[in-house]
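One structure below.
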Amino acid sequence: MTSPSILTMTNVSAGYGDVLAVRDISLEVPVGTASGIFGRNGAGKSTTMLTIAGIVACRSGTIVFDGDDITHLPAHQRVARGIGCVMEGRRIFRQRSVEENLLLGTVSRRARRRQRTSDIDEAYDRFPILREKRKELAGRLSGGQQQMLAIAQALMSRPKLLLFDEPSAGLAPAIVGDVLAIIDALKADGLSIILVEQLIDRALPHVDSFALIDDGRIVYRGAPDDSESTRMARNVYLARGSDHRDGPSI
């Protein structure tokens, strides 16, 4: 039996000013699964995520989340309904303490004090290093610790769907493995996930299905255990000429 979808995008186009960055994107994310969106720099991956989050306006098409049409819903209402975001660049409040960052993550839920305390304790149980650093300014954390804080902050809104945009960016390879392991654990807990990445070889084992995007369009869909996936990924990178500094990592 097919799982119901937590998110369905149908023929979605979006962009900036007069430029369409993504065109006719259709995507379905079954409940409790991790879906990947892969492609080179500038292919339209991040714009797709920002459109799901409501930060970039949908020009055409529809976005349905948890059974409701959210196509024109503002970003803060999408967070309140259950869409969490871990955006590229570890967008935390660097001049606030770790614990203040976590508290700010509860704002959309208007949680009571006892619930906020419980949620923070849960975050510290998941990320023990954050408990040790709870009084430190977030900007003084290492890159890996900042990424953990960004994830923990997003989880404070109790999302049903969590968007990860380039979680490997700027991190050492060993730390990338830790972050991907966190994604596995969250999926095991029943959270639905969309993972945007350039490092296809690292990300493939952590998703249930994926879409390759190029020039703002989905050009291929596959499963991580499909041998055709690697060949298609190479074609997307090499035919267009990837500008990733290490080349296609496949």
| query | Straight-line reach from Lys160: which lysines have a Cα under 21 Å away, not including same-chain ones fewer than 8 places off? | reply | Lys45, Lys187
| field | Charge context of Ser26, other residues only, Cβ under 14 angstrom, K/R +1, D/E -1 | value | +1
| For Ser26 and Ala172, what does the FRET efficiency come to when R0 = 41 Å and r is the distance between their Cβ atoms, rounded to the nearest 0.05? | 0.70
| query | Which one of Leu149, Pro173, Ile37 is farthest out on the positive end of the charge dipole of the chain, using unit charges on Cβ (Lys, Arg +1; Asp, Glu -1) and the Cα centre as origin? | reply | Leu149
| request: Determine the dipole magnitude for segment 1-69: charges of +1 sit on the beta-carbon of Lys and Arg, -1 on that of Asp and Glu, nothing else is charged, the reference point is the Cα centre, and the result goes in debye to the nearest 20. | output: 320 debye
| task | Report the dimensions of the chain along its three principal axes from the alpha-carbon atoms, largest first, rounded to Å. | result | 50, 43, 39
| task | For every other residue with a beta carbon closer than 15 angstrom to the beta carbon of Ser60, add +1 if it is Lys or Arg and -1 if Asp or Glu, then tell me the sum. | result | 0
| request: Any chance you could run the full-extension gain for Arg94 through Asn11? It's 0.36 nm times the residue separation minus the Cα-Cα distance, nm to one decimal. | output: 26.1 nm
| For the chain, size of Cβ-based charge dipole, Lys and Arg +1, Asp and Glu -1, in debye | 980 debye
| Per-residue ³J(HN,Hα) for segment 25-33, Karplus 6.51 cos²θ - 1.76 cosθ + 1.60, θ = phi - 60°, Hz, x for Gly and Pro | 7, 10, 8, 10, 10, x, 4, x, 10
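Bear in mind that the values in this text are calculations on the coordinates, not laboratory data. Values in this document were obtained by computation on a predicted structure and should not be read as measured data. Don't worry about glycine lacking a Cβ; one is built from the backbone with ideal geometry, like all the others, and counts go over all protein chains shown.
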